[in-house]
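What follows is a set of notes on a single structure, which appears directly below.
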Amino acid sequence: MSEREFSGKSFYDYVAEEKLMGARCKACDTLFVPPRPMCPECYGEEMAWEEMGGRGELVAFTTVHIAPTAMIEAGYGRTNPYCTGIVQLDEGPAVSAQIIGVDPAAPDQIAVGTPLQVAFVRRGEGENERTYLAFEKV
């Protein structure tokens, strides 16, 4: 699909294009999200980019009230928590991301097994605009 290197930078370049991409090992067919340049399963070094469908289910989550700087700048914090979780993609890999469309102030209403779809969240303006990976309830 592309000649981009299999790195975190390339992964986030795709996220900026609103694409969820993984790397598939050509030797053993294992799929990784985010990508890596070498397969930890068979140590193969030939990888291929693959676009994910973006659907999956929530397998773990937490609500965050004490946010890191980037999330504070996005408006989150003690009085406005956010949810982050692990999403098991339909294609197999699991990925960590912000979970939107849930109420982090009511974590008892968030359920493991919730079906999710990839979402891309834009924050900042002009040259400082960035796109972040997130998932939302289907």
The chain: calculated mean residue ellipticity at 222 nm from DSSP helix runs of at least 4, using -39500 (n - 2.57): -2500 deg cm²/dmol
Accessible area of the chain divided out per residue, in Å², using a probe of 1.4 angstrom: 57 Å²
Region 49-81 and region 1-29: distance between their alpha carbon centers, rounded to Å: 21 Å
Packing rank of 27-34, 65-72, where each peptide gets the mean count of other beta carbons within 10 Å, highest leading: 27-34, 65-72
Efficiency of FRET between Ala105 and Glu73 - r from beta-carbon atoms, R0 22 angstrom, step 0.05: 0.65
Two-site FRET efficiency, Arg122 against Glu46, from Cβ-Cβ distance with R₀ of 35 Å, rounded to 0.05: 0.55
Percent carbon-and-sulfur accessible area, the chain, ignoring ligands, DNA and RNA, probe 1.4 Å: 47 percent
Isolated Cys residues of the chain, judged by Cβ distance under 4.7 Å to other cysteines: Cys83
Sites Ala27 and Ser96 - FRET efficiency at Förster radius 22 Å, r taken between beta-carbons, to 0.05: 0.25
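The values are calculated or read from the model by the stated rules, or taken from the named source; none is laboratory data. The model shown is predicted, which means the values in this text are computed figures rather than measured ones. Every residue, glycine among them, receives a Cβ derived from its backbone with ideal geometry; neighbour counts consider all protein chains shown. Surface areas here come from the heavy atoms of the whole protein model, side chains and all, with no ligands, DNA or RNA. Shrake-Rupley method; radii C 1.70, N 1.55, O 1.52, S 1.80 Å.
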